[in-house]
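Below is the structure I would like to discuss, written out as structure tokens.
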Amino acid sequence: EFIRSYYYNKLELTRFSSSVGKYVGFTEYGVKIAADWNKDASELSAMKAQKEVYCLHNIQIDYTAALTKS
């Protein structure tokens, strides 16, 4: 699962989760930001692509490293 959170003053405003597939706001301002970002199809597709770029690329590296240490 790929999660990207945005914070301000240690307070989480918004979060993108690959399992949900969209941004979710946690404050009044964060809800407005999430709504704007969710309207942009290119932003959503870019964030969904981050799962393949980051997570799926590194999972084999992390898995191999864990096996060699055990």
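What is the set of long-range amide H partners of Lys22 at a cut-off below 5 Å, with H atoms built 1.01 Å from backbone N?
Ser17
Counting only heavy atoms of protein chains, what accessible area per residue, in Å², does the stretch 3-68 have with a probe of 1.4 Å?
For the stretch 3-68, the solvent-accessible area averages 73 Å² per residue.
Angle between the Cα long axis of helix 41-50 and the longest principal axis of the chain, 0 to 90 degrees, nearest 10?
Helix 41-50 sits roughly 20 degrees off the main axis of the chain.
For helix 28-39, report the angle its Cα long axis makes with the longest principal axis of the Cα atoms of the chain; keep it between 0 and 90° and round to the nearest 10°.
70 degrees
Could I ask something else about it? By how many degrees, between 0 and 90 and to the nearest 10, does the Cα long axis of helix 56-69 differ from the longest principal axis of the chain?
Taking Cα atoms only, the helix is inclined about 40 degrees.
For the chain, what's the relative contact order in percent, using C-alpha pairs closer than 8 Å and at least 6 residues apart? Provide the component values of the computation, followed by the final result.
Values: 76 pairs, mean separation 15.5, N = 70.
This gives 22 percent for the chain.
Calculated from DSSP H runs of 4 or more alone, at -39500 (n - 2.57) each and per residue, what is the 222 nm mean residue ellipticity of the chain, nearest 500?
Numbers: 3 runs with 36 residues, N = 70.
When only DSSP H runs of four or more count, the value is -16000 deg cm²/dmol.
Of the listed values (i) 1.26; (ii) 1.36; (iii) 1.21, grab the one calculated as Cα Rg over 2.2 N^0.38 Å from the structure here.
(ii)
Leaving out ligands, DNA and RNA but keeping every protein chain, what accessible area does Glu43 have, in Å² rounded to the nearest 10, with a 1.4 Å probe?
60 Å²
Excluding residues fewer than 8 places away in the same chain, name every one of the lysines whose C-alpha is closer than 29 Å to that of Lys39.
Lys10, Lys22, Lys48, Lys51
The values are calculated or read from the model by the stated rules, or taken from the named source; none is laboratory data. Please read all numbers here as calculations on a predicted model, not as lab measurements. The accessibility values were calculated without ligands, DNA or RNA, using every heavy atom of the protein model including side chains. Shrake-Rupley method; radii C 1.70, N 1.55, O 1.52, S 1.80 Å.
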